[in-house]
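Just below is one structure, and these are the notes that go with it.
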Amino acid sequence: MKFILILVFTFGLNALMFRGVNDKLTEHVIQQIREQVKNPLSQNYHSAYDRLAYYVDTFGPRLWGSENMADAVDALYKDIQTMGFDRTWKENLGEITSWKRGEESVTLFDPREIPQKLNMIGLGWTPAGSVKAEVEVVHSIEELKSKDVRGKIVCYNFEWNGYDSGVAFRYAGPVEAEKAGAIGTMIRSVASVSIASPHTGMTDYNNIKYPAVAITVEDADMLDRMRKRGQKVVVEIKTEGQQYKTTSDNVIAEIKGSTYPDEILLMGGHWDSWDVGSQTGANDDGGGVIVCLEALRVLNTLGIRPKRTLRFIAWSGEEMGQYNNGAVHYALNHGKENHIIAFESDLGSTKPYGFGITAGQQFTQLVTYLAQEYLTGIGAERIFPNDGEAVDSGILAEFTGTPLLNNRIADNKNHDFYFTYHHTAGDSMWMMDPEDMDDNVVAIASIMYLIADYDGPIPKD
Ligand SMILES: [Zn+2]
């Protein structure tokens, strides 16, 4: 009871603090957005899912710099030109260095009588190579340093303790193994749950010269058991990774603000993806891009022109982690403009719970108030302070100090769901749910509109 009283009191105070919001009109706009997207009779019902499926089915995976990616960029650009935005444009990144995979394999010899191919995937940027050697299994970098791995292939079989700790092995594991004298690296896939799928991702390729690949969680455990039993393990790794020169573009669209056109709210995701399956990049991050685009399109369809400018971006080149990718290009070319906030959706498009925000205390309070006032209807009202980071928007923040907003999948089950399929051939339309995508469109369109149309000055801190 006390708790409720305190809540009421706090909300009351917030309402007074942020009385710049025109409640009736705002309520009406939020209703309209929901009606446009969630009503089964509306032509926008499930349109995010349908639009994404078209791209995934038609163009396939979109590795940075690949022809698939170039075709998908052109198609997206053509698409946004038909949507009636105030401005649509592409920004070319100039010459970029990208990487292609080629054929690759891991074959288990000892202790098998008959050689056995293992499910595997090269890590991003792995060089070409062919090595056959004894395998040593380690569980940590410390253990690696305590063993003699000279002339051997190292297999990291670490425990799943969340994505960040796994990525540390994927990124630095091969370099550390080579420093210790190894001639190749296999890592346990960075995955929460496994059905024998290998997961790719970037490694620190500048500092390795031998193949670096991921094998499945199941096979990493098997090699571990073999070594613990004292069995000699021999594998052969073959890779054909190659760097090449190419180019790519960011795709941008905007609705100009009516009162403060120079104040920009950026919203988007990365259009590039990994290359490992027929549909890879449906979830990471095709879904993120399309829910942002649909959010802007729905606002435009409703004829809504908020006070500040809303700008959609499909960044090019997040997965490959290059210094001249789309996020850096955007930050260099637009960093001087007045970005009020940058929203990025790159955590999946499952049911939205709310938003992470990295901003000053007052701005965080304002967004918290807006979300709690207007987003409870779709259950997306929770705000997670100091947690709005994402990779591409984060680069703009690094250059300019722009506040950050991201979509939050608060339910841990969903998080596990995301990392079960992350960077595998299983990242496909099968993962996507039309209702959840619609909820994302409503949540993103609403929060961006609410901030963009806020009457008062946006708090600087
Ligand atoms: Zn991503």
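Structure notes:
- Any chance ALA133 is in contact (Cβ under 8 Å) with a residue 40 or more places away in the chain and either of a type in the set (Gly, Ala, Ser) or under 17 Å from ASP204 (Cα atoms) (or both): yes
- Some residue of the stretch 200-207 being charged (D, E, K, R) and away from the ligand (no atom under 15 Å from the Cβ): yes
- Search result, residues across the stretch 92-106 that are under 18 Å from MET202 (Cβ atoms) and among the β-branched types (Val, Ile, Thr): ILE96, THR97
- When ASP79, ASP57, ASP110 are checked against the criterion of being part of a helix (DSSP H, G or I), out of contact with any Gly (no Cβ under 6 Å at 6 or more places or on another chain) and open to solvent by 50 Å² or more (accessible area, probe 1.4 Å), ASP57 stands alone in meeting it.
- Some residue of the stretch 255-262 being at positive phi and in contact (Cβ under 8 Å) with a residue 12 or more places away in the chain: no
- Reported count of residues in the stretch 137-172, each being crowded, with 21+ Cβ neighbours inside 10 Å, in contact with a Phe, Trp or Tyr (Cβ under 8 Å, 6 or more places away or on another chain) and part of a loop (DSSP other than H, G, I, E, B), is 0.
- Odd one out for HIS415, checked against (1) open to solvent by less than 60 Å² (accessible area, probe 1.4 Å); (2) within 16 Å of the ligand (Cβ to nearest atom); (3) in a helix (DSSP H, G or I); (4) of a type outside the set (A, V, I, L, M): (1)
- Highlighted here are the helices (runs of 4 or more DSSP H) found entirely within the stretch 267-380 that include at least 3 residues which are open to solvent by less than 10 Å² (accessible area, probe 1.4 Å) and more than 16 Å from the ligand (Cβ to nearest atom): 288-301, 361-374.
- Criterion: modelled with pLDDT of 95 or more, out of contact with any Cys (no Cβ under 8 Å at 6 or more places or on another chain), within 30 Å of ASP392 (Cβ to Cβ) and not in a strand (DSSP E or B) - qualifying residue of GLU254, GLU176: GLU176
- Check on GLY388, farther than 21 Å from ALA191 by Cβ and under 18 Å from the mean Cα position of the chain (by Cα): yes
The values are calculated or read from the model by the stated rules, or taken from the named source; none is laboratory data. Small disclaimer: the values here were computed from a predicted structure and weren't measured. Cβ sites come from the backbone with ideal geometry, for glycine too, and all protein chains shown count toward neighbours. For accessibility, only protein heavy atoms count, side chains too; no ligands or nucleic acids. Shrake-Rupley method; radii C 1.70, N 1.55, O 1.52, S 1.80 Å.
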